[in-house]
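The values are calculated or read from the model by the stated rules, or taken from the named source; none is laboratory data. Note that the structure is predicted; figures quoted are calculated from it, not measured. Reconstructed Cβ throughout: ideal geometry from the backbone, glycine too, with neighbour counts over all protein chains shown. Accessible surface is based on the protein model in full, side chains and every heavy atom, while ligands, DNA and RNA are left aside. Shrake-Rupley method; radii C 1.70, N 1.55, O 1.52, S 1.80 Å.
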Amino acid sequence: MTLTTQAVRHAYEAEIAVAAVSEDGRGRLEIPEYVDAGAALRTEFYAALLKELGESAAMEVVRKLSERLEGRFAGFGAAVQTLDFSAGDVIDAVSGTEIEGSVTRTVVFWNESDATRTRRETIFPQLEDPEGAQWGALLARVEAERSKKNRG
């Protein structure tokens with residue numbers, strides 16, 4: 001359920017993102033907030049959670065994990081995100097093997113009192129999502145922008 005919701009979220013974000021590629025080949029997607037669409041996705045996710053787990057277990061998951069779930073889904077659109085894609089291969093410090101690239105996600109959340117919170121994480125799509133089920137749409141958007149820049 002979480003992986004499917006993540007894939008739907010990323011596909012939507014790929015559609016609304018502003019894409020750019022720097023001279024050195026680094027890609028960037030700037031994703032604006034999408035509060036209304038995010039609220040619909042949140043509603044679908046929690047309804048699926050309720051259906052799959054039943055009311056008692058779903059409420060326990062929400063009680064214990066809602067902050068982490070909101071963080072995983074970037075507040076379901078109630079945040080501004082910047083995704084920075086590495087220009088080329090990265091070497092895994094632990095194994096010494098080549099990884100196709102990384103994505104650094106910077107998310108800026110805010111609350112009703114206009115206090116902001118920034119979270120930054122680095123993702124290795126080739127390792128975490130080798131089939132491209134979750135990251136495929138975002139990676140394709142960056143690659144399309146790189147191709148466009150190379151032709152232009």
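Report the Cα-based extents of the stretch 35-77 along its three principal axes, largest first, to the nearest Å.
Extents along the principal axes, in whole Å: 28, 18, 10.
Taking K and R as +1 and D and E as -1, what net charge do the other residues with C-beta under 13 Å from the C-beta of residue 16 add up to? Walk me through the intermediate numbers first.
On the way: positive: 9, 141; negative: 13, 15, 30, 33, 36.
Charge balance in the 13 Å sphere: -3.
Working out 0.36 nm times the residue gap between residue 44 and residue 82, then minus their Cα-Cα distance, what length gain in nm do you get to one decimal?
Length difference between fully extended and current span is 11.2 nm.
Hey, rough spin-label estimate for residue 64 and residue 131, points 7 angstrom out along Cα→Cβ, what's it come to in nanometres?
My value for the distance between the label points is 2.7 nm.
Sum -39500 (n - 2.57) across every DSSP H segment of at least 4 residues in the chain, then divide by the residue count to get the 222 nm mean residue ellipticity, nearest 500.
Working: 5 runs with 72 residues, N = 152.
One gets -15500 deg cm²/dmol as the mean residue ellipticity at 222 nm.
What are the semi-axes of the equivalent ellipsoid for the chain, taken as the square roots of 5 times the Cα gyration tensor eigenvalues, largest first, in whole Å? Don't skip to the answer; put the middle values down first.
Working: eigenvalues 172, 66, 45 Å².
After scaling each eigenvalue by five and taking roots: 29, 18, 15 Å.
Using protein chains only and a probe of 1.4 angstrom, how many square angstrom of residue 26 are accessible, to the nearest 10?
About 130 Å², ignoring ligands and nucleic acids.
I want the local charge near residue 45. Using Cβ-Cβ distances under 12 Å, sum +1 for each Lys or Arg and -1 for each Asp or Glu among the other residues. Before the final figure, lay out each step's value.
Working: positive: 9, 42, 51, 72; negative: 44, 52, 70.
Summing Lys/Arg as +1 and Asp/Glu as -1 gives +1.
Give, in nm to one decimal, the length gained when the segment between residue 20 and residue 149 is fully stretched (0.36 nm per residue of separation minus the Cα-Cα distance). If you can, show how the numbers build up before the last one.
Numbers: separation 129, 0.36 × 129 = 46.44 nm, distance 0.89 nm.
Between residue 20 and residue 149, full extension yields an extra 45.6 nm.
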